[in-house]
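Some notes on the structure that comes next.
The values are calculated or read from the model by the stated rules, or taken from the named source; none is laboratory data. Worth saying up front: this structure is predicted, and the values here are computed from it rather than measured. FYI the Cβ positions are ideal-geometry reconstructions off the backbone, even for glycines, and counts take in every protein chain you see. Areas reflect the complete protein model, heavy atoms only, side chains present, ligands, DNA and RNA absent. Shrake-Rupley method; radii C 1.70, N 1.55, O 1.52, S 1.80 Å.
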Amino acid sequence: MNPAGAVSETELKLRVPPDALRRLGAHPLLKGHGRPVTKKLYSIYFDTPDLDLWRRDVAFRLRRDGARWVQTAKGGGTVQGGLHQRIELETGVAGPFPDCAAIDSGAFSGLFSSPRLCAQLQPVFITEFSRTSRIVTLKPDVTVEVCIDRGEIKCGDSIETICELELELKSGPPWYLYEFALQLLDSVPLRIENRSKAERGYVLLRGERSAPTKGHAAALTADMPVNDAFKAIMWATLSHLQANERGMLESRDAEYLHQVRVALRRLRSIFSVFADLFPGEQTAPLTAELKWLAGALGPARDWDVFMTETLPPILGEFGGQGGLSAFRRQCARLRQSARRHARNALDSQRYQRLTLMLSAWLVAEPGLKQADDAMLAAFRAPAAEFAGAVLERRYERVRKRGRKLRQLPAAELHRLRIAIKKLRYAVDFFSTLYDGKRVQEMLARLTRLQDILGAMNDAATVAGLMQGLGAKPGNAVVEARGIVLGWSKGRAEMLGHELRAAWKAFRGSGKFW
């Protein structure tokens, strides 16, 4: 329930390249809905020296709108796939100074009733931008306020550009915001923005440097309906993917690509885990695009692993022998080419369409709406019951694949690796339903098996990478390639002993579900 006097705000935030703003403003879908209104908006954000509001996920600002000042407190809610849903309380005030007495509503009043906090409030950063807005009626019962913002966030000498589109829902279901954005995307590049202006201001204030972001397990409960568990896992994984987008596009740190790939594999695995709940024709467009993206990013990740993990010990052992220096330079060029291809894929409108489509699908929940009585019962079943059945099936599949481990050929070892990976993802997805210590023990054993089998599989991956070198017979690069292939094959054979020990440890561990 919203605090008295407060409203629930639902808006989709999207980044827009500066050179596309004119095209966006002139888009045919925005025409015929009345004249746009342009305002200059100047906002001062306040907090205490210890950032008490930030720590409670509350944004507090004073905004000059024409000749009047408006005080706004925002907090609570969620941000998923660029869809910001928060509680907002606005009050008119006399000037650019906080008036805590005006905040007498619900959750906010408890925070701002503290004399100590109110006495310590001070400006922390400002935003200054022009906003062009208009009301667009998509259907008789669906109305959206379209706002195009351009300006800056300022904190001392630090500045970040604002160039974004906000689609605020005035009436109708939220998934229409995504449908509208997808129509705009046909001619204007748009990218989901999960950070509010306030969040970006706090990043400037705190001097935070971006860093690769690892995923986290969704918070599940045993009696949560399966459908809710599915959405929670999907949203957590989609956030993981989006948190690393900008770093992959702008940074040379290979870990961003690695985390994007991990999130992508997890997304594909989620669809596999919950496959029985959704008809194939419903998810096929999404899974096909996820597969496309995986293919576009795969070579770049393979080259990163080769250049940072496989090649260094070979160079340390053989130095400049056999043309290895020239070989390394040639590999570096191929790695750069693969990186450009991966970045182009992530920067493409095809990728932007994928993230919007995936978010729209999660918000609209077509599977739930089209389900018959039997499927509705499956959607509403307890998450723990569903998780236990999935984990049991995947656990038994791993044990079956690993029988007679010493005798398994390379193809069967590859199948075992895939089965282990699928079990590991399922354990990770449902980890918050079970005892944390036992889950971590299982994850550690599965990770060890997966790492060993992955390293053994590197020989095949390396062989594929070497085919792209194009060296002629007798060339020094050919000799270097032979050294690398021989090293990789020998490493795979040595890992066989570690694999058997790791498999024994896994077999000896008990199930936690």
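Miscellaneous remarks
- Looking only at the range 178-202, and only at residues there that are among the hydroxyl-bearing types (Ser, Thr, Tyr) and not in a loop (DSSP other than H, G, I, E, B), the one that is nearest to the chain's Cα centre (by Cα): TYR178
- Sole residue being hydrophobic (A, V, I, L, M, F, W, C), at pLDDT below 95 and part of a helix (DSSP H, G or I), chosen from VAL462, VAL427: VAL462
- Where a residue in the range 242-263 is among the aromatic types (Phe, Trp, Tyr) and its partner, wherever it lies, is in a helix (DSSP H, G or I) and crowded, with 19+ Cβ neighbours inside 10 Å, with Cβ under 9 Å and at least six apart: TYR256/GLU245; TYR256/GLY247; TYR256/MET248
- Some residue of the range 64-80 being modelled with pLDDT under 90, part of a strand (DSSP E or B), open to solvent by less than 50 Å² (accessible area, probe 1.4 Å) and more than 20 Å from GLU152 (Cα to Cα): yes
Let's see how each residue does on (1) open to solvent by 40 Å² or more (accessible area, probe 1.4 Å); (2) in contact (Cβ under 8 Å) with a residue 40 or more places away in the chain; (3) aromatic (Phe, Trp, Tyr):
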site	(1), (2), (3)
VAL427	no, no, no
PHE430	no, yes, yes
ARG448	yes, yes, no
ASP451	yes, no, no
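- Of all residues making up the range 336-376, the number that are modelled with pLDDT of 95 or more and charged (D, E, K, R): 6
- Pairs meeting the criteria (first residue in the range 194-208 and among the small types (Gly, Ala, Ser) and open to solvent by less than 20 Å² (accessible area, probe 1.4 Å), second residue modelled with pLDDT of 95 or more and part of a helix (DSSP H, G or I), beta carbons under 9 Å, at least 6 apart or on different chains) are ALA198/TRP54.
This table checks each residue for (1) buried (at least 16 other Cβ atoms within 10 Å of the Cβ); (2) free of Cβ contacts under 8 Å to residues at least 24 places away in the same chain; (3) in a strand (DSSP E or B).
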site	(1), (2), (3)
GLU88	yes, no, yes
PHE97	no, no, no
CYS118	yes, yes, no
PHE125	yes, no, yes
CYS163	yes, no, yes
LYS170	no, no, yes
TYR176	yes, no, no
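- Scanning the range 277-295 for residues that are open to solvent by 10 Å² or more (accessible area, probe 1.4 Å) and over 17 Å from TRP361 (Cα atoms) returns LYS291, TRP292, ALA294, GLY295.
- Condition met for LYS422 (touching a helix residue (DSSP H, G or I) at 6+ places or on another chain (Cβ under 7 Å) and open to solvent by 10 Å² or more (accessible area, probe 1.4 Å)): yes
- Of all the residues in the range 10-27, those that are acidic (Asp, Glu) and touching a His at 6+ places or on another chain (Cβ under 8 Å) number 1.
- Single residue of ARG328, ARG246, ARG301 found to be in a helix (DSSP H, G or I) and under 14 Å from the mean Cα position of the chain (by Cα): ARG246
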